[in-house]
């Protein structure tokens, strides 16, 4: 069974550009979470989808971040325009019916 | 705002040493406590999910205990090996909400040969 996959694994963009991160959850998992870890700090929750609906987006930093999950399968997280403080590792996780969340390998975003 | 604290922030030990770290979390409305092992550039790997007060779980040389009444969990590594070097993350899930894990900052363990 394939795990949670994220694309790209690394992205380096200039300030002001747009970047779109993608997450493919484990097939059949209704819950999909986005998290971000800034260097030296904790992994912070961004938002939670249940199928295609945003259940909780209280962790989204500002309106430069837009997450979608059309069709309730994969999800995208777009940052537009990117700022320096957006640099970090963006994790996606999925779960179904249990408290255990399975994580992807993360996308390391560097904004220069 | 949920506060999940992990200590120490980092730890250097010699191969063969045993070590332990702490995770503290709110003691009310507890649902689950998770431990993850995260090597950079890889997915955080789930080690344990614990839900009951007094739970003890073991996986090889790694074990964990849970005290939900006082709000802490310990992770133990017996006879540390260089391949145990990683960041160990704990996450707490609150009951009655969306069951979203809230993470601590992690303990970075480096085991020197």
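Bear in mind these aren't lab numbers, they're just calculated from the coordinates by the rules spelled out. It should be emphasised that the depicted structure is a prediction, and the values quoted were computed from it without experimental measurement. Cβ sites come from the backbone with ideal geometry, for glycine too, and all protein chains shown count toward neighbours.
A few remarks follow.
- Qualifying residues in the stretch B:81-102 (those that are away from chain A (no Cβ under 14 Å) and in contact with a strand residue (DSSP E or B) (Cβ under 7 Å, 6 or more places away or on another chain)) - the one surrounded by the most Cβ atoms within 10 Å (Cβ to Cβ): B:84
- Residue match in the stretch B:64-80 (condition: more than 15 Å from residue B:6 (Cα to Cα), facing chain A (nearest Cβ under 9 Å) and surrounded by 17 or more Cβ atoms within 10 Å (Cβ to Cβ)): no
- Within the span defined as the stretch B:31-52, every residue fails to be more than 14 Å from chain A (Cβ to nearest Cβ) and in contact with a strand residue (DSSP E or B) (Cβ under 6 Å, 6 or more places away or on another chain).
- Restricted to the stretch B:103-113, and to residues there that are closer than 21 Å to residue B:72 by Cβ and surrounded by fewer than 22 Cβ atoms within 10 Å (Cβ to Cβ), the residue that is farthest from the other protein chains (Cβ to nearest Cβ) is B:109.
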